[in-house]
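The block underneath contains the structure these notes are about, expressed in structure tokens.
Quick note: the coordinates plus some simple rules give every number you see, no bench work behind them. It should be emphasised that the depicted structure is a prediction, and the values quoted were computed from it without experimental measurement. Cβ sites come from the backbone with ideal geometry, for glycine too, and all protein chains shown count toward neighbours.
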Amino acid sequence: MDKHRPYLTKGSTQPNPASFSKRLHGAFELFARGATRLIDYDEQKAGKNDILVLGHSKPPLDVLMEHVQSNKYADVAVTVKGHSFICHSLVLCIYSKRMVKELDSNCMFINTPQLTAKGFSEAYQWMVSEHADLDPSNFIDVMRAAYYLKIPDLIDSCWQILNSELFDEFSAFGLMYQGRNAHELAKIHDLLAGRLSKSMLRVASSREFLGLSERQVCGILQSNSLAVNSEMEVLYSALMWLNHLWPKRSSSTHKILKNIRFGYLPPTMLSKFKSRERNKVGSFGPILNVFAQLPGLTRLIQDGVFYSSLIMTSHKDSKYLLESIEYNQLKLINPRKWVRDSKCGYHHVVSPLCPNMRYISFQQFKEYLYQLQIADRYFDQFMSYAEDIKDGKEVSDLQDKQNVNEKLLHSRLSELSLSQYVLLVKNNFSQFTKSKKKENKMKNKVVRFN
């Protein structure tokens, strides 16, 4: 903001209320004795000769605004964390609902983590300015001040900016990092998290991502707008955040990992959660060991195996999946914004309902992150959303496989009712698949013998 700021002291020195009151009283007396009266006498005949109309050489509103903006005759001192501001109580009470209730003297001290001195200064400058310029680097401070002081007009103005096209994906993430300690701005964090799409993995590879709060990371992991090749990329991003300050962040393990959509993880990865092989998943063995001990994990993995196998069986044909399975009974989990990056070493065909379901090692993931880090601003030029991939070579190449899987699913559903099939697969999917494999092996032996 380019206008004069009502900024007084800095540091631990606190103003003396009695001294300030005495000086303020003297200023009022001086103003009363010596202030120039801007009054013109203009006698007009309006039917009665004894009526006088008094005019002004300058409109009273202009005079008032000059005094407010120059901070003359201010009557209250507000101290925020050692920084004092001389303000007009009338202006504060007009805009701030909190000030109307709590401002009861000419001195007020505020010491709360929800309000910074910079935020109060910018908010008050907005109150007294006709047009206030906002530095984006102070946006979170202003938002916190608007909410703490309960200034509806300023809150609305900030939300208009947030809902505009001013913030791209990286700007939105920058605001999230700036407000990582502003826990009271949960709605804003969720809005900003929803802006992340193709930038997700570049964001996840940054040190700033590792510095986000638990609440912010959960907001990102819950988003449907994340543009990723595979759900394993989301899993590895979550594990990297936990690992950054492990074991300090061990209490966040369940809150973070419960947001992973296990139904989109490959069965190979799901099997590692309940076996000793979890120690082979990068350097995340200690984290997965804690996760494996949490209650409810068995059901989580069983449901994940069921959905994962169902999605793989339909082989990415969303139309077939929705028509062949009674969608209302199964209630499939929401997909991400699946993409296919032709520059990704483990890229694979995707569809709107199904990502790359192959197992991805952490080493492969790190190599892909490094590739994104060194790319220029057009890092996403080889990325395609699943819904944008239409008739192409990759679709025709998989047609035969798709037909085979469709027949397999039909045969399973013909042997059992849908409810029996769902119950069987959810509760004991591993035994079901083992019996099928055993049956297929027996058939192959018979064929060879003949």
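Can you tell me how much longer the chain between SER271 and LEU245 gets when fully stretched, taken as 0.36 nm per residue apart minus their C-alpha distance, in nm with one decimal?
Using 0.36 nm per residue and subtracting the Cα-Cα distance, I get 6.7 nm.
So what's the range 153-197 giving for Rg/Rh, alpha carbon basis, Kirkwood Rh from the mean inverse pair distance?
Numbers: Rg = 10.1 Å, Rh = 10.8 Å.
Ratio of gyration radius to Kirkwood radius for the range 153-197: 0.94.
Work out how much length ASP168 to SER70 would gain on full extension: take 0.36 nm times their residue separation and subtract the Cα-Cα distance, in nm to one decimal.
31.6 nm
Please compute the contact order of the range 54-101 in relative form: average sequence separation of alpha-carbon pairs under 8 Å and at least six residues apart, divided by the residue count, as a percent.
22 percent.
Extension gain LYS187-LEU90, at 0.36 nm per residue separation less the Cα-Cα distance, in nm?
On the way: separation 97, 0.36 × 97 = 34.92 nm, distance 3.09 nm.
Residue separation times 0.36 nm, minus the Cα-Cα distance, leaves 31.8 nm.
Suppose R0 equals 30 Å. What FRET efficiency, 1/(1 + (r/R0)^6) with r the Cβ-Cβ distance, do GLN373 and THR298 give to the nearest 0.05? Don't skip to the answer; put the middle values down first.
Numbers: r = 38 Å, r/R0 = 1.25.
After rounding, the FRET efficiency stands at 0.20.
What number in nm² do you get for the range 118-179 if you take the convex hull of its Cα atoms and divide its surface by four?
Spelled out: convex hull of the Cα atoms, projected over all directions, averaged, 4.0 nm².
What distance in nm lies between label points placed 7 Å from Cα along the C-beta direction at MET312 and VAL100?
6.2 nm
Hey, fewest Cβ within 10 Å first, where do VAL349, VAL63, VAL78, VAL339 land in order?
VAL63, VAL349, VAL78, VAL339
Which whole-Hz ³J(HN,Hα) couplings does the range 276-283 yield from phi under the Karplus relation 6.51 cos²θ - 1.76 cosθ + 1.60, θ = phi - 60°, glycine and proline marked x?
Calculated HN-Hα couplings, in order: 5, 5, 5, 6, 9, 8, x, 10 Hz.
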